1. 5 Å is the cut-off here: which amide hydrogens, built 1.01 Å from N in the peptide plane, fall below it relative to GLY115, excluding neighbours closer than 5 in sequence?
2. Can you work out the Karplus-derived ³J(HN,Hα) for every residue in segment 84-93? Use 6.51 cos²θ - 1.76 cosθ + 1.60 with θ = phi - 60°, whole Hz, and x for glycine or proline.
3. For each of TYR149, TYR106, count neighbouring Cβ atoms within 10 Å of the residue's Cβ, then give the residues from fewest to most.
4. Charges on Cβ only, +1 for Lys and Arg, -1 for Asp and Glu, centred on the Cα centroid of the chain; of ALA28, SER121, LEU133, which one is farthest towards the dipole's positive end?
5. Hey, got the dipole for the chain? About the Cα centre, +1 on K and R Cβ, -1 on D and E Cβ, debye to the nearest 20?
6. Using just the alpha carbons, could you tell me how many Å³ per residue the convex hull of segment 43-171 encloses?
7. With θ set to phi - 60°, apply the Karplus curve 6.51 cos²θ - 1.76 cosθ + 1.60 along segment 26-33 and write out the HN-Hα couplings as whole Hz, x wherever there is a Gly or Pro.
8. Give the angle, between 0 and 90 degrees and rounded to the nearest 10, that separates the Cα long axis of helix 39-50 from the longest principal axis of the Cα atoms of the chain.
Amino acid sequence: MTNATPRAQNRQAPPSPAERGAGGVRRARLAILLSGRGSNMLSLVQATQTGILKDLAEVSVVFSNKPDAPGLELAAAQGCPVASLPSQGRKREAFDAEAAALLQHYQPDFVVLAGYMRILSPAFIQPFAGRILNIHPADTHQHQGLHAYEWAFDNKLVETKITVHLVDEGLDTGPILAQQPVDLRGAETLAEVERRGLAVEHRLYAQTLAELIKTKQNIMSSAAETSRVLK
Ligand code: GRF
């Protein structure tokens, strides 16, 4: 299923009024990738609609490697363009190259992994290098890979740290952009650990993206001002 029409547009063209945020700056385009239920995707979409990302970002596509991921349906119900490409049975590099090519049609400024259950190969990382973000439900220096809430629960941690990081070719090894602790004292079940963690995830991901986009906008406007002065 690729049921969204990618925007055919010259990247150099000035933003149309619809693409501009309140300050007249072009909104950052987000491609959100998921494989499952999509609660982080949903909170990001809502942040672009009415929250901290309003006027800063828009969702250009929600993509999944699983055509039947519940998150895709949720995204479509929010009015987001959705696309999918089944990864099952595919060789990693070939799938990643095809997925990257598909996503490039949507011209994302950032590729935002939100429960995208794949280790990414260079074929995917290179086209978006430095622009891929992930959220991990633990300190990535302490725990990598799947089952981070189970790890925190089984080890009776009193605190875990939600981490937003840039994605490189390792497993949860990229530079950390933001971390926020979650108090796990008194959390008696795995469900409660997860509930507390997800509440933090949902806030931290949107906040981190908002900071990143504002930083990028400031750099661009300083560069534009410098080039105006030097003319
Ligand atoms: C989240 O815990 C996220 O940190 C991890 O995968 C889970 C995805 O959950 N990378 P959801 O699909 O966003 O609800």
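Here, each number is a calculation from the coordinates, and none is a lab measurement. Here the structure is a predicted model, which is why all the values come from computation and not from measurement. Glycine gets a Cβ as well: all are built from the backbone with ideal geometry, and neighbour counts include every protein chain shown.
1. Amide H neighbours of GLY115, under 5 Å, 5+ apart: ILE135.
2. Along segment 84-93, the couplings run 8, 8, x, 9, 4, x, 9, 6, 3, 5 Hz.
3. Fewest-to-most Cβ neighbours within 10 Å comes out as TYR106, TYR149.
4. The Cα lying farthest towards the positive end belongs to ALA28.
5. Dipole of the chain, to the nearest 20 debye: 860 debye.
6. 128 Å³
7. Couplings: 5, 5, 5, 9, 10, 9, 9, 10 Hz.
8. Tilt relative to the chain: about 40 degrees.
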